[in-house]
Amino acid sequence: QVQLVESGGGLVQAGGSLRLSCAASGSIFIISVMGWYRQAPVEQRELVAVITSAGSTNYADFVKCRITISRDNAKDTMYLQMNSLKPEDTAVYYCAMFSQVYNYNYWGQGTQVTVST
């Protein structure tokens, strides 16, 4: 059974940094596309960044140059380094694992990120 566990969220002042982690159980991490999504109150969940099994990355326009997604396949862990945080980055951040080839998707429980002014 696949489980995704996020950590690293918290309260930070505007301009600060946080590093989120997503630890995956199971044996399919290495073949999976991994992504970070976020959902602010009364907003829809939106994509933040994705990284393929080969390490190719893609970012939402609103986070480019401030956020870096990475993965460590040896540790079955994905990361999201967030810098220059803004109050509008406040949201619950979710880790996702998916594959269009094998038709699966899994989600973590989310971690709260709050950026104060």
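Averaging sequence separations of C-alpha pairs under 8 Å and six or more residues apart, then dividing by the length of the range 1-83, give the relative contact order as a whole percent.
Numbers: 141 pairs, mean separation 24.9, N = 83.
So the answer I get is 30 percent.
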*Residues with beta-carbon under 15 Å from that of residue 65, excluding residue 65: net charge, scoring Lys, Arg +1 and Asp, Glu -1?*
+1
*Regarding the range 54-112, what are the three Cα extents along the principal axes, ordered largest first, in Å?*
37, 23, 23
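For the chain, what is the convex hull (Cα atoms) projected area averaged across all directions, in square nanometres? Write down the numbers at each step before the final one.
Working: hull surface 27.7 nm².
For the chain, averaging the hull's shadow over all directions gives 6.9 nm².
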_Give me the one-decimal Kirkwood hydrodynamic radius in Å for the range 13-74, with the sum taken over alpha-carbon pairs._
13.2
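Considering only the other residues whose Cβ falls under 14 Å of the Cβ of residue 36, what net charge follows from Lys and Arg at +1 and Asp and Glu at -1? List each step's numbers first, then the result.
Details: positive: 19, 38, 45, 64, 66, 71; negative: 6, 46, 89.
For residues surrounding residue 36, the net value is +3.
Please calculate how many Å² of accessible area the range 7-103 carries per residue, with a 1.4 Å probe and no DNA, RNA or ligand atoms counted. Don't skip to the end; give the middle numbers.
On the way: 5070 Å² over 97 residues.
Solvent-accessible surface per residue comes out at 52 Å².
At a 10 angstrom cut-off on C-beta neighbours, averaged per residue, how do the peptides 58-67, 105-114 rank from highest to lowest?
Values: 58-67: 13.8, 105-114: 16.8.
For the peptides 58-67, 105-114, the packing ranking is 105-114, 58-67.
The values are calculated or read from the model by the stated rules, or taken from the named source; none is laboratory data. Treat the numbers as computed from the prediction; the structure is a model and nothing was measured. All Cβ positions, glycine included, derive from the backbone under ideal geometry; neighbour counts span all protein chains shown. Only protein heavy atoms, including side chains, enter the accessible area calculation; ligands, DNA and RNA are left aside. Shrake-Rupley method; radii C 1.70, N 1.55, O 1.52, S 1.80 Å.
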